[in-house]
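Asker: This is the structure, below, for whatever I ask next.
The values are calculated or read from the model by the stated rules, or taken from the named source; none is laboratory data. Worth saying up front: this structure is predicted, and the values here are computed from it rather than measured. Virtual Cβ from ideal backbone geometry, glycine too; neighbours counted across all protein chains shown.
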Amino acid sequence: MTVTQESTNALVSTIKVQLKKEDYEKKVTETIKKVAKQATLKGFRPGMAPLGLVKKMYGTSVLAEEVQKLLNDQIFTYLQENKIDVLGQPMPSPNQPLLDLDINNMKDIDFTYEVGLSPEVKFNFLDSKPTFTKYKVGVEDHMLNEEIDRIRKRFAKYEYPESVEENDILSFTIEELSADGSVREGGASNVTSLMLDMLKESARPAVLALKKHESTTLNIWESLDRGKEDIIKHILNVTDEMVIPTLGDNFKLTLNNITRSLPADMNEEFFVKAFGENGPKTEAEMRENITKDLESYFSGQADSYLTNELYNALMEKVELPLPDEFMKRWVKTANEKEISDEQIEKEYPMFSKQIRWNLIVKKIITDQQINVSEQELRDKVKVDTIAQMYSYGLRNIGDEWVDQFIEKQLKDKQYMDKTREQILDNKALDYVKTKVALQEKAISFDDFKALVEKKA
């Protein structure tokens, strides 16, 4: 058997594998004998069917399987030995005819593959040490106060007063009225909760004047700051399509209950609930801790922005031509689900972008011998877990719960593969940061937010 590189260009290579009959004949015969020993055919005891019959029934499929194995072994061995870095997987050449295999007429086989070649990655633009901006976002007093307010509201206490104020949650019985102002028999009715900001300005005074168990009449369509469909579905809870056209305008709103949320007092009980036994014990300590948290968060956001800028620069400046037509053909072949040419054309730009980025990262981690340790994986999972809990407002998280969640995540192969990939991406970009000039610049949060939104 021989393997030869028939033709090549910068992007695609054609490789021919030639098999002689004797390269696979013996193996096929041996496999058929094994099949015969295991075969169960009608009229014969297990393993006792005549070899000729087994060959007739299974021979061609065995032949096809063994030939395919041998072809695959040869092409991949050739690529490995010749250090040919490919994209995707080798595929039959577009001009390669289907193999005509016959167990009774085994013969020499020529099979031509097409392989997409990985382009050479060069970072020439980094030679000039280009300058990038690392923003430093300041923590302003109003941000700190807003965060403290959010935490206090999260641990709020509740009271149930007799009269209404602006931010109260109000429980109403809503009843449809007839033309004479009486409650319509069989009309729409529902018990629901409202807040004043769900009402238009013109309707708020009437509700603000209510005390528990008192009622007022409102044109619900004109009073609520909601669309008609939303009112019908969520406020009135009317689902009968036959009823909707008969709904009137005026409804009686009876105030059942008032719930008022009061921000938690900043006392010892609050600090323990919000931050745990080892957290701050005074308002000053709390403000200091939250300031550090915000500084850390803003630093991370600024670093993410810088990272994205470096990513965009790499994607723009590093020339990486791909064998596009080959890759489109490979995507269609490798996809588990049937995919149309139209879908491939639509999705290929994003796919090719990811391929180019993977090549850039691979080049960096190979040249710089970058690895990911198990401890780095564990640390990343822990940071992501705590950040996720913080985003849900859960600051007082026990170490035992965090450790249990981490252990669960570590057993999720798909999640860990993705995490490993993220770490490698970050390490690659960290290396790029050492090859550029970083200029620090102070910026307000609002200006930074506008900058991010502009780039989005």
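Asker: For the list (1) within 24 Å of the chain's Cα centre (by Cα); (2) without any contact (Cβ under 8 Å) to a residue 60 or more places away in the chain; (3) in a helix (DSSP H, G or I), I need the number of the one condition that TYR305 fails.
Answerer: TYR305 satisfies every listed condition except (2).
Asker: Something else about it: Among the residues of the stretch 100-137, which ones are of a type in the set (Lys, Arg) and on the phi < 0 side of the Ramachandran plot?
Answerer: As a first pass, look at the stretch 100-137 and keep what is of a type in the set (Lys, Arg): 107, 122, 129, 134, 136.
LYS107, LYS122, LYS134, LYS136, listed by residue number.
Asker: One residue is enough: does the stretch 144-154 have a residue meeting the conditions of a type in the set (S, T, N, Q) and surrounded by 16 or more Cβ atoms within 10 Å (Cβ to Cβ)?
Answerer: No, that holds for no residue.
Asker: Then there's this: So which residues in the stretch 216-229 are surrounded by 12 or more Cβ atoms within 10 Å (Cβ to Cβ) and under 18 Å from GLY187 (Cα atoms)?
Answerer: Correct list: THR216, THR217, LEU218, ASN219, ILE220, TRP221, LYS228.
Asker: May I ask you to list the residues in the stretch 332-352 that are exposed (fewer than 13 other Cβ atoms within 10 Å of the Cβ), within 23 Å of the chain's Cα centre (by Cα) and not in a loop (DSSP other than H, G, I, E, B)?
Answerer: If the condition is that a residue be exposed (fewer than 13 other Cβ atoms within 10 Å of the Cβ), within 23 Å of the chain's Cα centre (by Cα) and not in a loop (DSSP other than H, G, I, E, B), then ALA334, GLU345, LYS346, PRO349, MET350 are the ones that fit.
Asker: Okay, next question. Those residues that are more than 23 Å from the chain's Cα centre (by Cα), touching a residue at least 12 places away in the same chain (Cβ under 8 Å) and surrounded by fewer than 15 Cβ atoms within 10 Å (Cβ to Cβ), I need them from the stretch 353-382; list them, please.
Answerer: GLN368
Asker: Follow-up. From THR246, THR254, grab the single residue that is among the hydroxyl-bearing types (Ser, Thr, Tyr), over 29 Å from VAL164 (Cβ atoms) and either surrounded by 12 or more Cβ atoms within 10 Å (Cβ to Cβ) or in the same structural domain as MET389 (by TED's automatic domain parsing) (or both).
Answerer: Criteria check complete, one pass: THR246.
Asker: Here's something else I'd like to know. Filter the stretch 152-193 down to the residues that are more than 21 Å from ILE231 (Cβ to Cβ) and not in a loop (DSSP other than H, G, I, E, B), then identify the one that is nearest to the chain's Cα centre (by Cα).
Answerer: Top of the filtered list is ARG154.
Asker: Then there is this: Report yes if THR112 is in contact with a Ser or Thr (Cβ under 6 Å, 6 or more places away or on another chain) and either part of a loop (DSSP other than H, G, I, E, B) or in contact (Cβ under 8 Å) with a residue 60 or more places away in the chain (or both), otherwise no.
Answerer: yes
Asker: For the subset of the stretch 197-215 comprising residues that are under 41 Å from the mean Cα position of the chain (by Cα) and assigned to a helix (DSSP H, G or I), which member is surrounded by the most Cβ atoms within 10 Å (Cβ to Cβ)?
Answerer: Looking at residues that are under 41 Å from the mean Cα position of the chain (by Cα) and assigned to a helix (DSSP H, G or I), I get MET198.
Asker: Looking at the stretch 399-441, which of the residues that are under 30 Å from GLY279 (Cβ atoms) and touching a residue at least 24 places away in the same chain (Cβ under 8 Å) is surrounded by the fewest Cβ atoms within 10 Å (Cβ to Cβ)?
Answerer: Once the filter is applied, the top-ranked residue is GLN422.
Asker: In the stretch 244-262, which residues are more than 16 Å from ILE174 (Cα to Cα) and in contact (Cβ under 8 Å) with a residue 24 or more places away in the chain?
Answerer: Within the stretch 244-262, THR259, ARG260, SER261, LEU262 meet the criteria.
Asker: Follow-up question, since we're still on this one. Considering only residues that are surrounded by 10 or more Cβ atoms within 10 Å (Cβ to Cβ) and within 13 Å of ILE15 (Cα to Cα), which ones fall in the stretch 90-103?
Answerer: PRO90, MET91, PRO92, SER93, PRO94, GLN96
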